[in-house]
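Step one of this worksheet: look at the structure below.
The values are calculated or read from the model by the stated rules, or taken from the named source; none is laboratory data. What you see is a predicted model, and the numbers here were worked out from it, not measured in a lab. Neighbour counts run over all protein chains shown; Cβ positions are idealised from the backbone, glycine included. Side chains are part of the model used for accessible areas, which takes the heavy atoms of the whole protein and leaves out ligands, DNA and RNA. Shrake-Rupley method; radii C 1.70, N 1.55, O 1.52, S 1.80 Å.
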Amino acid sequence: MARVKDKIALVTGGSRGIGAESARLLAKEGATVLIVDILNDLGRAVAEEIGPQARYYHLDVSSEADWMAVTESVRQTYGRLDILFNNAGISGFEEDFAQRRQDVEHVSLEDWRKIHAVNVDGVFLGCKHGIPLMKAHGGSIINMSSRSGMVGSAPNVAYCSSKSAVRNLTKSVAMYCAQYGYGIRCNSLHPGAILTSIWEPLLGNSPERRAETLAFLKRGIPLNDMGRPSDVAHSVLYLASDESRYLTGAEIVIDGGIMAGSTAAPPPPDPAD
Ligand SMILES: NC(=O)c1ccc[n+]([C@@H]2O[C@H](COP(=O)([O-])OP(=O)(O)OC[C@H]3O[C@@H](n4cnc5c(N)ncnc54)[C@H](O)[C@@H]3O)[C@@H](O)[C@H]2O)c1
């Protein structure tokens, strides 16, 4: 199978987690993959592991200067871009945030802006600078939102707000590209709980605490397990390929059933009845 054969793909946040797994799968299915991130050593290692089909560039998604430099380099080297996966994101629980509370009463304006700068500005800048490299021949933009862009969550208000913005930004980009007949589709992904580094600060340090937290999280998931990066990467591949040619402005929810139901549902009948 070569579902994205000869396509040029750029993956933001491709140094680890969902981005790295998506880069591997896109390359396996025939694409040339440009991995961008701020974690340079990890990103270079992923590119090396993939082989000559992959290349790493340093790019902070919140920096317009970085976007301009990398897209110019892509233009000169490849002359085009077919797939753009705007995946890079932060939750506000990373070390940089030094355990500061991120609920609406306590989040600082600085933290609020920092989270939006990466999660929303990063996706906006990707679309703004990616479209010119795609519009002559068409392409697929895949934006990383979250189930947290669809429902609220008390402890991380900025993350939810930013992911909700990505959900609508995606539809507006989809409408714009359709209106101008660019042949560029733009869709959003809404994963639930996928076990990657982004969860590490929340899992606790001791093995006991980690096991308890994971068990707690799984109880809230109808399929009773956290997702894997590959569960998301397969949706990325589908949206990147021409198989999804009639999808634009759409949302794919990958969450083990979290968004399909409600914890306020009636309890199951007693098996003895
Ligand atoms: N894991 C989940 O449960 C889950 C659920 C819903 C959505 N998401 C989203 O999926 C995306 C990938 O997350 P992940 O779970 O693989 O986590 P991750 O932390 O492993 O990966 C995030 C990547 O983004 C990169 N990044 C962060 N800031 C950046 C910046 N300014 N410029 C460039 N790269 C930057 C990181 O270095 C890292 O490589 C994120 O947008 C996240 O919000 C994850």
Quiz item: Rounded, prolate or oblate: which one fits region 1-87, using the alpha carbon gyration tensor with axes a ≥ b ≥ c (rounded when a/c is under 1.5, else prolate when a/b beats b/c, else oblate)?
Solution: oblate
Self-check item: Selected from A193, A272, S172, residue furthest toward positive end of dipole (the chain; charges at beta carbon)
Solution: S172
Quiz item: Farthest toward the dipole's positive end in the chain, which of M68, L203, H58, given Cβ charges of +1 (Lys, Arg) and -1 (Asp, Glu) about the Cα centre?
Solution: M68
Quiz prompt | Simple Cβ-charge dipole of region 159-273, Lys/Arg +1 and Asp/Glu -1, about Cα centre, in debye nearest 20 | solution = 440 debye
Quiz prompt | Anchor K135: lysines whose Cα lies under 21 Å away (excluding residues fewer than 8 positions away in-chain) | solution = K5, K7, K171
Exercise. Diagonalise the Cα gyration tensor of region 44-96 and give the resulting equivalent ellipsoid semi-axes, square root of 5 times each eigenvalue, largest first, whole Å.
Key: 23, 17, 10
Quiz item: In percent, what relative contact order does the chain have, based on Cα pairs under 8 Å that are 6 or more apart in sequence?
Solution: 19 percent
Quiz item: How much space per residue, in cubic angstrom, does the convex hull of the C-alpha atoms of the chain take up?
Solution: 158 Å³
Exercise. Would you work out if region 166-273 is rounded, prolate or oblate? Take a ≥ b ≥ c from the square roots of the eigenvalues of the alpha-carbon gyration tensor; rounded if a/c is under 1.5, else prolate when a/b is larger than b/c, oblate otherwise.
Key: prolate
Quiz item: Sorted by accessible area (1.4 Å probe), largest first, how do Y238, Y159 line up?
Solution: Y238, Y159
Quiz item: Treating the beta-carbon of each Lys and Arg as +1 and of each Asp and Glu as -1, no other charges, what is the dipole magnitude of region 10-51 about its Cα centre, to the nearest 20 debye?
Solution: 60 debye
Exercise. State the percentage of accessible surface on region 10-145 attributable to carbon and sulfur atoms; use a 1.4 Å probe and exclude ligands, DNA and RNA.
Key: 50 percent
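What is the magnitude of the charge dipole of the chain about its Cα centre, with +1 placed on the Cβ of each Lys and Arg, -1 on the Cβ of each Asp and Glu, and no other charges, expressed in debye to the nearest 20?
My answer is approximately 760 debye.
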Quiz item: Got a sec? Charge dipole of the chain, +1 on Cβ for Lys and Arg, -1 for Asp and Glu; which of L84, L133, A20 is way out at the positive end?
Solution: L133
Exercise. Output the relative contact order of region 175-273, whole-number percent, from Cα pairs under 8 angstrom with separation of 6+ residues.
Key: 41 percent
